[in-house]
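Asks: Sharing a structure with you now.
Bear in mind these aren't lab numbers, they're just calculated from the coordinates by the rules spelled out. These figures come from a predicted structure and were not determined experimentally. Note that we place each Cβ from the backbone using ideal geometry, even for glycine, and neighbour counts take in every protein chain shown.
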Amino acid sequence: MVKRIGVLTSGGDAPGMNAAIRAVTRVALNSNIEVFGIYDGYKGLVEGNIEPLTKARVGDIIDRGGTILGSARLPEFKDIEVRKKAVDQLKKRGIEAVVVIGGDGSYRGALALTEMGINCIGLPGTIDNDIASTDFTIGFDTALSTIVEAVDKLRDTSSSHHRCSIIEVMGNRCGDLAIYAGIACGAEIVVTSATGFEEEQMLERLRDLDVIRKKRHAIVIISEKMTDVHQFAKKVSLNTGFSGRATVLGHVQRGGSPTPNDRVLASKMGEKAVDLLMHGIGGQCVSIKNNEIIAVPIEEALNIPRASRKELQNLFERLV
Ligand code: F6P
């Protein structure tokens, strides 16, 4: 049976990563498996920035955003020579398996390490909800709550001033944060890569909301990378009865104390990762499907096409 495992966080951080680190560490220690924290993702792995974790070290972190292990992106990990250094660092310490908490880029590294003889299990840690094998990623629920809180506040001031608030949210080409926020906030318009961005059509809709629906405000939620929201706000002021104001929520969405849902999801997924490693299984990622925690081969997970969210888009349209 596996005796020593490592855990690392990689890519953009997400609230709930700490809860996942805690779960992996405590479940493993309670099963007499030693746990090593690998700092700053694959970079720390290659450099040997690795230390044992204790139950106390992961105490008082379940409610903290960010990651106590630090995170980084290391594109060079694609290089076999770089990965060999990582494997050497693990072998030197007798670490036989690793739990990788991150997004799809991190999963690719986990799969490559598994193919080199180090069993790895991926946990979906990203606010973007862009891993198709799982219904929800760790951090998505918290980021969504952050967006909803901000948009609720923007609605207040937009109503007072007869304004159109254009809010850019993250998602890295996945529209889930935008469409879920659009429904939860009662937005007037949502723009994602699935809907596309047709400027003239948007302006026409905003004129209707002003003139026909006599709205005091209009809330437009736009996924990042779709358009320049500041330029669009100027066009709204020039071409509709609303004055336009743009807000880019940015990295605020990545911080904050994780919601109870994210803490519980991270704890369940951390437990599953350790159970898989205890059974000598690697190259899999933990997912939640229809409220059940399951394991999916990483290779398969990376090839599942992203859900179109048509049903959510339809619901949104029916609520406007
Ligand atoms: O993947 C998480 C994410 O926050 C994306 O939503 C965003 O596009 C990207 O990371 C931002 O990356 P960085 O923190 O490197 O600017």
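Asks: Using the Cα atoms of segment 167-320 to build a convex hull, what is its mean projected area in square nanometres?
Replies: Numbers: hull surface 43.8 nm².
It is 11.0 nm².
Asks: What residue among F242, V229, I167 has its Cα farthest toward the positive end of the dipole of segment 158-251, where the charges are +1 on Lys, Arg and -1 on Asp, Glu, each on the Cβ?
Replies: So the residue we want is F242.
Asks: Calculated FRET efficiency, S160 and N290, Cβ-Cβ r, R0 45 Å, to nearest 0.05? Can you show the working numbers first?
Replies: On the way: r = 43 Å, r/R0 = 0.96.
Efficiency, rounded to the nearest 0.05: 0.55.
Asks: Which entries of K225/K268; K43/K78; K91/K272; K153/K310; K235/K310; K289/K310 show an alpha-carbon separation above 22 angstrom in the structure shown?
Replies: Numbers: K225/K268 33 Å; K43/K78 12 Å; K91/K272 24 Å; K153/K310 28 Å; K235/K310 29 Å; K289/K310 18 Å.
Those over the limit are K225/K268; K91/K272; K153/K310; K235/K310.
Asks: Given axes a ≥ b ≥ c from the Cα gyration tensor, I'd like to know whether segment 138-211 is rounded (a/c under 1.5), prolate (a/b larger than b/c) or oblate.
Replies: Working: a/c = 2.74, a/b = 1.26, b/c = 2.17.
Oblate shape, in that a/c is at least 1.5 and b/c is the bigger or equal ratio.
Asks: Radius of gyration and Dmax for segment 182-229's Cα atoms, expressed in Å?
Replies: Rg, Dmax (Cα atoms, Å): 11.0, 31.
Asks: Would you order L177, L154, L8, L69 from fewest to most other beta-carbon atoms within 10 Å of each residue's own beta-carbon?
Replies: Details: L177 27, L154 19, L8 31, L69 23.
The order, fewest Cβ neighbours first, is L154, L69, L177, L8.
Asks: Over the C-alpha atoms of segment 231-320, what are the Rg and the largest Cα-to-Cα span, Dmax, in Å?
Replies: 20.6, 63
Asks: Averaging over every viewing direction, what projected area does the convex hull of the Cα atoms of the chain cover, in nm²? Don't skip to the answer; put the middle values down first.
Replies: Details: hull surface 64.9 nm².
Its Cα hull, projected and averaged over all orientations, spans 16.2 nm².
Asks: How long are the three semi-axes of the equivalent ellipsoid of segment 103-164, in whole Å, if each is the root of 5 times an eigenvalue of the C-alpha gyration tensor, listed from largest down? Mind dumping the intermediate values first?
Replies: On the way: eigenvalues 319, 16, 11 Å².
Three semi-axes, in Å: 40, 9, 8.
Asks: Given 25 °C and 0.890 mPa s, compute D for segment 1-130 with the Stokes-Einstein relation, Rh being the Kirkwood radius over Cα pairs; round to the nearest whole µm²/s. Don't skip to the answer; put the middle values down first.
Replies: Numbers: Rh = 14.3 Å.
The diffusion coefficient I find is 172 µm²/s.
Asks: Take each of the peptides 50-58, 207-215, 252-260, average the number of other beta-carbon atoms within 10 Å over its residues, and list them starting from the highest. Don't skip to the answer; put the middle values down first.
Replies: Details: 50-58: 15.2, 207-215: 13.7, 252-260: 18.2.
With the highest mean Cβ count within 10 Å placed first, the list reads 252-260, 50-58, 207-215.
Asks: So, one more: As an exercise, take the mean of 1/r over every pair of distinct alpha carbons in segment 60-156, invert it, and state the Kirkwood radius in angstroms.
Replies: 15.5
Asks: Which whole-number percent of Cα pairs in segment 31-99 have a distance greater than 21 Å? Kindly include the intermediate steps, with their values, before the conclusion.
Replies: Numbers: 679 of 2346 pairs.
Tail of the P(r) past 21 Å holds 29 percent of the pairs.
Asks: Points 7 angstrom from Cα along the Cβ direction at N261 and R57: gap in nanometres?
Replies: Using points 7 Å along Cα→Cβ, the separation is 3.2 nm.
Asks: Straight-line reach from K215: which aspartates and glutamates have Cα under 19 Å away, leaving out those fewer than 8 places along the same chain?
Replies: Hits, sequence-local ones excluded: D152, D156, E188, E204, E317.
Asks: Something else: Helix check for the chain. Which DSSP H runs span at least 20 Å along their own axis by Cα, with a mean Kyte-Doolittle hydropathy no less than -1.0? Mind dumping the intermediate values first?
Replies: Numbers: long enough: 140-160 (31 Å, -0.04); 260-278 (27 Å, -0.10).
Span-like helices in the chain: 140-160, 260-278.
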